[in-house]
Structures are given as structure tokens and as C-alpha cells.
Amino acid sequence: MTNNGKTVPIPKVYPLTRETVQEITGDPCSSVSRAAISNCLVCGSIPESTGMGGTARHAESMSRLAEKVEIHASLRLLKCPLCGCFYALKGHAGPEEGGGEGGTLIRMQPSEAFELLLKQKAKAIRREGDRWLLAW
Ligand SMILES: [Zn+2]
């Protein structure tokens, strides 16, 4: 079906269950080794945890991470497309914010991302292409 000749993606809504979360984070038992992370061409230079201002310093590396989940406006989960580890981004970061106060970026194993998502008390989770948005 088309709408003015354009295909309109249909957002899909899922309950926030272990199965859904596993689809996002992958196997909760899997882990990314320290060696894999430090050798990673995408995120190897990003420290395990970086605070205010640090996210601006790593903006270029961060821009190569894929935004995976928006938990809410100031908490998002990013995923490294190469080594597969996750990053929780709190607050706002990125060059588009125009010299804001920056945010906090914390590296997470897939298992930690899994637990973080599962403990959210959201009503549901909505899929839009490769991104997931929690519905409160
Ligand atoms: Zn990586």
C-alpha cells in the first residue's frame, strides 16, 4: 500500500518482555572481551566512562555508534556496529547541540544493556526501523 506514492513505515509496538529485549541486545549471556573493545576501530578510543565534556572530545567516534534505543529523551542506548558493545548516553551530547554541557557516556556489555532495558517500567516498546523507542 502506498500513500502519495511513498511507502510509509509502520511502527510496530511490542510488550517489554525478555524476548523483545533480547531481540534488541542479543544474547544476554554474551560479552565483548576487553581486547575486542580496545582493538575496535570504531569505539576503541572511547573510554569506559566519560563525563561532562568528554562526550564532545569523542564526538567523532560517537557519531559512528548506532543509536539503538531511546529510553527517554535524555537516556539513550548506542551500539557499536563493529564490536557489538553498548553505550548508555545520558543527557545531551554531540556537535549538533552547539556547545551544550555535554552528557555522560558509559560502556556496557550486552548483558548490562539487557538488564537496563528489562528493568524499565515502560508500557511498551516501539520499533522504527533499526531504532526502538520506549512508550511510557
Ligand atoms: Zn566497538
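General observations
- Restricted to helices (runs of 4 or more DSSP H) entirely inside the stretch 1-84, those with at least 1 residues that are under 27 Å from LYS121 (Cα atoms) and either within 14 Å of the ligand (Cβ to nearest atom) or under 16 Å from the mean Cα position of the chain (by Cα) (or both) are 18-25.
- Test: residue in the stretch 67-88 that is free of Cβ contacts under 8 Å to residues at least 24 places away in the same chain, over 21 Å from LEU116 (Cβ atoms) and exposed (fewer than 15 other Cβ atoms within 10 Å of the Cβ): no
- In this structure, ARG57 does not qualify as in contact with a strand residue (DSSP E or B) (Cβ under 9 Å, 6 or more places away or on another chain), surrounded by 14 or more Cβ atoms within 10 Å (Cβ to Cβ) and modelled with pLDDT of 90 or more.
The values are calculated or read from the model by the stated rules, or taken from the named source; none is laboratory data. All of these numbers come straight from a predicted model, not from anything done at the bench. Neighbour counts run over all protein chains shown; Cβ positions are idealised from the backbone, glycine included.
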